[in-house]
Amino acid sequence: MAEKVLIIGSGPAGLTAAIYAARADLEPVMIEGMERGGQLMITTEVENYPGFPDGIMGPELMDAMRRQAERFGTRIVSSDATRVDVSQRPFKAWVGDDLYEADTMIISTGASARWLGIPGESRLRGYGVSACATCDGFFFRDREIAVVGGGDSAMEEALFLTKFASKVTIIHRRDEFRASKIMAQRVLDHPKIEVLWDSTVEEVLGDDLVTGIRVRNVRTGETSELALEGFFLAIGHDPNTNIFQNQLELDESGYIVTEAGSTRTSVEGVFAAGDVVDHYYQQAITAAGMGCQAAIDAEHWLEG
């Protein structure tokens, strides 16, 4: 027999959807994925999630949400969905050879920050290396930091970080930004921001915390070391939508398209929430809010 609600993905959006769906007696099944809990699992301290005046560790927050979803009766499958079929109801999702069928589906597979893949980067993630200025900028008050990137998001991150850091160095591999003129000009005019053009980062330095980076000039081939305490990546995110290609409407960047003011996708009865939809805010709190909306949308759709 088909489940009423199948949730794919387990960050703040998926877990909030599970809590709401379970409390509405919809007995949701969640395929949480191998990377359960989403991007917050690699975030050390979360200080901007309401209700935690002293902050909370990212994994601790996700564990609490997961226990809450289970408490109300969510069944959790700790593997990745390998294939889906939303061409007809009941909708189908496979975990290897195991088939799950459901009347509605909520997709909350999130997005993954792009990383450079250089030495020191993954080892120091959360210890000075970050892909989220809004999450972690506060921890770098009066420190020197660097931002890698050249698009609008890199400009926004760098400008935001000037509120805290004593100096922000933007490292860009070309000799001009691809950001909009107005954003680029704001950055170039800012007294706290310096730009290293024609440069790539070869290595993040430091044993337990970031102490600097090794930079290479792409024109001369010369390498140099830059002492700093924070290293931010702003080279974009990739939505985790591979298994939904040719099944749902996606935008040109691969994010799931939803109806304005709703979590409805291009397929009736399939809903989407969190960073898999939202490439603008990308915060735990906005993802959780959308997860709530998706569960309520699914409940109303089932009633209708």
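Every number in this text was worked out from the coordinates using simple rules, so none of it is lab data. Just so it is clear, the structure is predicted and the values come from calculations on it, not from any experiment. Every residue, glycine among them, receives a Cβ derived from its backbone with ideal geometry; neighbour counts consider all protein chains shown.
Over all directions, how big on average is the projection of the convex hull of the alpha-carbon atoms in segment 30-136, in square nanometres?
For segment 30-136, the mean projected area of the Cα convex hull comes to 9.0 nm².
Taking the Cβ-Cβ separation of Val257 and Met41 as r and a Förster radius of 30 Å, what is the calculated FRET efficiency to the nearest 0.05? Working shown, then result.
On the way: r = 27 Å, r/R0 = 0.90.
With a Förster radius of 30 Å, E is 0.65.
Let me know the charge dipole size of segment 1-147 about its Cα centre in debye, to the nearest 20, where only the beta-carbon of Lys, Arg (+1) and Asp, Glu (-1) is charged.
120 debye
Among DSSP bridges having both ends in segment 115-233, what percentage is antiparallel? Round to the nearest 5.
Roughly 40 percent of the beta bridges in segment 115-233 run antiparallel, per DSSP.
Mind ranking 50-60, 101-111 by how tightly packed they are, going by the mean number of other C-beta atoms within 10 angstrom, highest first? All intermediate terms of the calculation are to be shown ahead of the outcome.
Numbers: 50-60: 12.6, 101-111: 26.6.
Taking the mean over residues of other Cβ atoms within 10 Å, the ranking is 101-111, 50-60.
Among Met183, Met65, which comes first, second and so on when ranked by fewest other beta-carbon atoms within 10 Å?
Details: Met183 18, Met65 23.
In order of increasing Cβ crowding within 10 Å: Met183, Met65.
Assuming R0 = 45 Å, what is the FRET efficiency of Tyr127 and Arg89, from their Cβ-Cβ distance, to the nearest 0.05?
It comes to 0.45.
Can you give me the C-alpha center-to-center distance between segment 176-217 and segment 101-139, rounded to a whole angstrom?
Here the answer is 20 Å between Cα centres.
Lys181: which lysines have alpha carbons under 21 Å from its alpha carbon, excluding same-chain residues fewer than 8 sequence positions away?
Partners within reach: Lys192.
How high is the relative contact order of segment 1-93, in percent, counting Cα pairs under 8 Å that sit 6 or more residues apart?
Dividing the mean separation by the residue count of segment 1-93 yields 31 percent.
If the reach is capped at under 21 angstrom between alpha carbons, list the lysines near Lys92, excluding any in the same chain fewer than eight residues apart.
Filter leaves Lys4.
Normalised by the residues of the chain, what does the relative contact order come to in percent, with Cα pairs under 8 Å and at least six apart?
Values: 705 pairs, mean separation 64.5, N = 304.
It rounds to 21 percent for the chain.
I'd like the antiparallel share, as a percent to the nearest 5, of DSSP beta bridges with both residues in the chain.
45 percent
Positive end of the charge dipole of segment 122-179 (Lys, Arg +1 and Asp, Glu -1 on Cβ, about the Cα centre): tell me which of Ser166, Leu124, Gly137 has its Cα farthest that way.
Leu124
Tell me, for the chain, which Cys residues have no other cysteine's C-beta sitting closer than 4.7 Å.
Unpaired cysteines in the chain: Cys292.
Once Rh is set to the Kirkwood radius over Cα pairs, what Stokes-Einstein translational diffusion coefficient, in µm²/s, holds for the chain at a temperature of 25 °C and a viscosity of 0.890 mPa s?
Values: Rh = 20.4 Å.
This corresponds to a translational diffusion coefficient of 120 µm²/s.
How much net charge surrounds Ala227 when only the other residues with a Cβ under 12 Å from the Cβ of Ala227 are counted, with Lys and Arg +1 and Asp and Glu -1?
Surrounding charge for Ala227 is 0.
If we count every other residue with Cβ under 12 angstrom of Pro119's Cβ, Lys/Arg +1 and Asp/Glu -1, where does the sum land? It would help to have the intermediate numbers written out before the result.
Values: positive: Arg123, Arg214; negative: Glu121, Glu202, Glu203.
Summing Lys and Arg as +1 and Asp and Glu as -1 gives -1.
Within the chain, which complete DSSP H helices have Cα atoms spanning at least 18 Å along the helix axis and a mean Kyte-Doolittle hydropathy of -0.5 or higher?
Helices meeting the span and hydropathy rule in the chain are 284-303.
If packing is taken as the average number of other Cβ atoms within 10 Å across a peptide's residues, how do 229-235, 269-275 rank, most packed first?
Numbers: 229-235: 23.0, 269-275: 29.4.
The most tightly packed comes first, giving 269-275, 229-235.
With a 10 Å cut-off between alpha carbons and a GNM built on the chain, which of Val29, Val148, Val77 moves the most?
Maximum fluctuation in the GNM of the chain, among the listed residues, is at Val77.
Based on other C-beta atoms within 10 Å, arrange Tyr100, Tyr127 from fewest to most. It would help to have the intermediate numbers written out before the result.
Values: Tyr100 21, Tyr127 14.
Going from sparsest to densest Cβ surroundings: Tyr127, Tyr100.
When a footprinting reagent is the concern and you count Cβ atoms within 10 Å, what order do Leu6, Leu209 take, fewest first?
Sorted ascending by nearby Cβ count, the order is Leu209, Leu6.
Which one, Gly304, Val257, Ala2, is farthest towards the positive end of the dipole of the chain when Lys and Arg carry +1 and Asp and Glu -1 on their Cβ?
With unit charges placed on the Cβ atoms, the residue in question is Val257.
At Trp197 and Phe72, where each label point lies 7 Å from the Cα along Cα→Cβ, what is the point-to-point distance in nanometres?
5.5 nm
Starting from the coordinates of the alpha-carbon atoms of segment 115-233, obtain the Kirkwood hydrodynamic radius over all distinct pairs and give the value in Å to one decimal.
When all Cα pairs of segment 115-233 are included, the Kirkwood radius is 14.0 Å.
Quick one: dipole size for the chain, taken about the Cα centre, charges +1 on Lys/Arg Cβ and -1 on Asp/Glu Cβ, in debye to the nearest 20.
Dipole magnitude for the chain comes out near 380 debye.
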